[in-house]
1. Look at T39 and say whether it is open to solvent by less than 80 Å² (accessible area, probe 1.4 Å), hydroxyl-bearing (S, T, Y) and at pLDDT 95 or above.
2. Tell me, yes or no, whether the stretch 3-10 has at least one residue that is open to solvent by 80 Å² or more (accessible area, probe 1.4 Å), in a strand (DSSP E or B) and not aliphatic (A, V, I, L, M).
3. With the requirement that a residue be in a strand (DSSP E or B), more than 15 Å from the chain's Cα centre (by Cα), of a type in the set (A, V, I, L, M, F, W, C) and under 18 Å from N5 (Cβ atoms), what does the stretch 24-74 give you?
4. Just one of A140, A110, A104 is over 20 Å from the mean Cα position of the chain (by Cα), buried (at least 18 other Cβ atoms within 10 Å of the Cβ) and of a type outside the set (V, I, T); which is it?
5. Quick test for you: out of L68, L88, pick the one residue that is of a type in the set (A, V, I, L, M, F, W, C), in the same structural domain as V6 (by TED's automatic domain parsing) and either crowded, with 16+ Cβ neighbours inside 10 Å or touching a helix residue (DSSP H, G or I) at 6+ places or on another chain (Cβ under 7 Å) (or both).
6. Please verify whether the stretch 104-116 includes one or more residues that are among the charged types (D, E, K, R), touching a residue at least 40 places away in the same chain (Cβ under 8 Å) and more than 24 Å from F24 (Cβ to Cβ).
Amino acid sequence: MEFFNVAVLVKNKYGVLNRVTSMFRRRQFNIVSLNVSETETPEFSRITVKAEGDVSEKQQLINQLYKLPDVKSIKELAEDAILSEVLLIKIQNDPAYRGEVLDAASAFGAKPVDYNHDAIVLQLTETSRKIDDFISFLQAYNIMEICRSGVVSLERGESVLRVNSYL
């Protein structure tokens with residue numbers, strides 16, 4: 001089983017997300033991360049999926065996705081694509097390790113976005129791997145809650161997901 005990232009341009013309308021994710025389920029791919037948002041035009045949405053599954057079945061999945069009437073374009077994201085996600089992590093604000101937590105946040109590039117007597121909320125925008133490493137490091141402290149956005153992505157250069165004839 002391998003991980004891969006795919007971006008899917010779809011019509012922005014009711015039920016499309018369900019049809020796309022159902023295709024992953026039917027093909028027995030595990031969706032690890034999912035992000036959906038409108039694009040530069042409200043007529044279309046971009047679905048970015050990080051999935052795990054049999055790499056030999058991946059092309060079949062993509063071919064089946066193209067058969068959905070609301071799917072306009074699909075790109076498997078290359079290794080050099082810009083991939084990022086946002087982490088919000090709430091740590092107990094314990095004076096015994098507060099300094100260590102804030103030092104770790106600084107070292108990883110996270111910033112405090114909420115700070116009170118009970119908890120510190122840190123925000124980190126980074127690759128999934130860096131976020132995983134940050135969470136692993138913070139396991140030694142009292143993590144109260146975690147929220148991750150899912151992967152967002154763009155290819156480098158002038159390559160775009162949209163198909164000009166649709167826009």
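The values are calculated or read from the model by the stated rules, or taken from the named source; none is laboratory data. The shown structure was predicted, so the numbers you read here are calculated from the model rather than taken from an experiment. In this analysis, Cβ positions are derived from the backbone assuming ideal geometry, glycine residues included, and neighbour counts consider all displayed protein chains. The accessibility values were calculated without ligands, DNA or RNA, using every heavy atom of the protein model including side chains. Shrake-Rupley method; radii C 1.70, N 1.55, O 1.52, S 1.80 Å.
1. No, not satisfied.
2. The answer is yes; a qualifying residue exists.
3. Within the stretch 24-74, V71, I74 qualify.
4. A104
5. None of the others qualify; the one that does is L68.
6. The answer is no, given that none of the residues of the stretch 104-116 is among the charged types (D, E, K, R), touching a residue at least 40 places away in the same chain (Cβ under 8 Å) and more than 24 Å from F24 (Cβ to Cβ).
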